[in-house]
Amino acid sequence: MNRTRLIPRLAIGVLAAGLATAGLAGPASAQRTADLPDYLKNISGTTPPTAPELAMRDMLQLNTTMFALYDNAARTFRRNIMANHPIILGLFSGAGGRMILYRPGQPAEEAPSVPMVYQVMKSAGHSVMAISQVVVPYIGNAADKSWVTPLTAYRVQMKAALDGVDALAIQDDWKPGLKTVLANNVAYMDDCLAKGVINLADLQAFAKKQAPDVKHLINWAASTQVKHWMGVLDGWKARLGPDFDKTYAASNTIYVARQNNVLFSVLAQYFGPEAINDRLMLIETISFTTTPEDMLTSLTRIIADRTVGELFFGNYKLMDFELMGGDARKTIVSEMKARGREAFLPPWVPFGSKQWPTLITPGPGPTSLDDLK
């Protein structure tokens with residue numbers, strides 16, 4: 001623990017408390033303010049806190065200081081963890097993801113990127129969706145021409161991309177499907193611009209026409225991504241040898257990507273079901289991308305907190321769960337009963353569950369693009 005950083009913080013707190021307590025001598029404080037120059041009078045002086053306010057502040061400061069102490073300790077925990085365990089991070093990115101290997105005593109090693117054909121297919125697929133975002137707000141509104149300029153500009157970019165397909169360094173048998181999607185985009189935009197209005201029927205026909213070929217683009221992009229990362233992990237697992245069995249790994253996700261998360265799903269094939277929520281973790285974030293530093297911080301906190309659960313409560317995985325969740329759950333049940341209603345809650349799950357950390361309960365309805373008719 002870095003005590004030299006902690007002492008100034010505590011000293012500041014003690015000084016502030018002393019100054020606040022000194023303010024209890026109201027008349028003397030008022031006299032000192034009266035003696036000040038005019039330019040200081042408006043900002044000088046204190047309002048003495050009441051005893052309950054002071055007690056509340058001191059109590060809440062314990063939690064504030066806890067975070068500073070926690071951050072200090074986390075640096076030591078991370079050094080110790082990384083000195084004894086390899087770590088693999090799978091990070092979402094627009095280029096098909098990033099994977100970074102950290103080995104004890106070695107510099108971080110970032111894997112090669114997914115082949116560029118992945119980004120080509122993803123860009124083409126997204127271009128279809130982008131057109132809908134331009135035109136949907138103006139369906140049936142002939143008076144508003146705000147869509148004309150952005151659609152015209154996007155049409156120029158689309159035609160340039162279409163004209164360059166033959167020069168792309170991608171599989172030749174994928175080029176016809178790519179051309180079809182881009183050409184359909186250009187044709188639809190030309191039709192909208194010629195008519196000067198966005199019609200729902202035309203948009204629906206465009207979407208129906210594009211869907212089969214867009215599915216091909218998605219398939220090609222996904223297969224490229226998965227094959228690449230499995231090749232990377234084949235190599236890393238072979239190099240780590242027995243140390244792979246003590247390797248930690250984590251991938252990040254936002255809400256829309258947590259189901260069928262590609263990077264986590266690929267990692268799971270190498271770590272196996274027993275490692276899920278143990279050495280292999282899915283960390284939820286609020287954006288598609290996050291930094292390796294933030295991921296290492298989260299991973300360190302999860303692992304370090306487990307020792308706290310074992311030390312105080314005799315369960316190594318307790319702190320993987322919301323600590324107040326159990327008592328909150330009991331209160332929800334009793335409060336709902338008092339309201340004459342049944343509580344709606346998921347079943348109890350034991351600490352240390354190896355359950356896949358996304359939706360796993362089967363049910364009726366489509367579950368993939370292939371299921372959609």
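Run the dipole for the chain about the Cα centre, Lys and Arg Cβ at +1, Asp and Glu Cβ at -1, nothing else charged, and hand back the magnitude in debye, nearest 20.
Dipole magnitude for the chain comes out near 300 debye.
Compute the angle between helix 175-195 and the longest alpha-carbon principal axis of the chain, please, reported from 0 to 90 degrees and rounded to the nearest 10.
Tilt of helix 175-195: around 90 degrees.
So what's the convex hull volume per residue for the Cα atoms of segment 222-293, in Å³?
Per-residue hull volume (Cα only) is 103 Å³.
Can you sort SER287, SER298 so the residue with the fewest Cβ neighbours within 10 Å comes first?
Details: SER287 8, SER298 17.
Arranged by neighbour count, lowest to highest, SER287, SER298 become SER287, SER298.
Using only Cα atoms, tell me the angle between helix 200-240 and the longest principal axis of the chain; keep it within 0 to 90° and round to the nearest 10.
Roughly 60 degrees between the two axes.
How much length, in nm to one decimal, is gained on full extension between SER113 and ARG239, taken as 0.36 nm per residue of separation minus their Cα-Cα distance?
Answer, rounded to one decimal: 43.4 nm.
Go through segment 203-289 and name the chymotrypsin sites (Phe, Trp or Tyr not before Pro) that are in a DSSP coil and have 16 or fewer other Cβ atoms within 10 Å of their Cβ.
Taking segment 203-289 and a limit of 16 other Cβ atoms within 10 Å, the loop chymotrypsin sites (Phe, Trp or Tyr not before Pro) found are PHE288.
Given +1 on the Cβ of Lys and Arg, -1 on the Cβ of Asp and Glu, and no further charges, what dipole in debye does segment 142-203 carry about its Cα centre, rounded to the nearest 20? Can you show the working numbers first?
Values: 6 positive and 8 negative charges, 37 e Å.
Roughly 180 debye for segment 142-203.
Pop a pseudo-label 7 angstrom from the Cα along the beta-carbon direction at both ASP172 and MET336 and give the gap in nm to one decimal.
6.3 nm
What ranking of MET116, MET82, MET99 emerges when the number of other C-beta atoms within 10 Å of each C-beta is taken as an exposure proxy, fewest first? Kindly include the intermediate steps, with their values, before the conclusion.
Working: MET116 14, MET82 19, MET99 24.
Neighbour counts put them in this order, fewest first: MET116, MET82, MET99.
How big is the Cα convex hull of the chain in projection, averaged over all directions, in nm²?
32.3 nm²
With axes computed from alpha carbons, what is the tilt in degrees of helix 292-313 against the longest principal axis of the chain, rounded to the nearest 10 within 0 to 90?
50 degrees
How long is the gain from ALA183 to PHE344 if the chain were fully straight, where each residue apart is worth 0.36 nm and the alpha carbon distance is subtracted? Display every interim value, and only then the final one.
Values: separation 161, 0.36 × 161 = 57.96 nm, distance 5.02 nm.
52.9 nm is the gain from fully extending ALA183 to PHE344.
Going 7 Å from the Cα of VAL148 toward and past its Cβ, which residues in segment 195-232 have a backbone nitrogen under 11 Å from where you end up?
What the label zone holds, given the 11 Å backbone N cut-off, is 195-197.
Using the number of other C-beta atoms within 10 angstrom as an exposure proxy, rank ASP190, ASP213 with the fewest first.
If I rank by nearby Cβ atoms, fewest first, I get ASP190, ASP213.
Go through SER146, GLN133, SER298 and say which Cα lies farthest out towards the positive end of the charge dipole of the chain; charges sit on Cβ, +1 for Lys and Arg, -1 for Asp and Glu.
SER298
Percent relative contact order of segment 75-156, based on C-alpha pairs within less than 8 angstrom and at least six residues apart?
Relative contact order, segment 75-156: 17 percent.
Run the dipole for segment 232-356 about the Cα centre, Lys and Arg Cβ at +1, Asp and Glu Cβ at -1, nothing else charged, and hand back the magnitude in debye, nearest 20.
Using only the charged Cβ atoms, the result is roughly 340 debye.
Taking the simple approach of a point 7 Å from Cα along Cα-to-Cβ for both HIS126 and THR297, what is their distance in nm?
2.6 nm
Taken together, the values in this text are just the output of simple stated rules run on the coordinates, not laboratory data. Small disclaimer: the values here were computed from a predicted structure and weren't measured. Don't worry about glycine lacking a Cβ; one is built from the backbone with ideal geometry, like all the others, and counts go over all protein chains shown.
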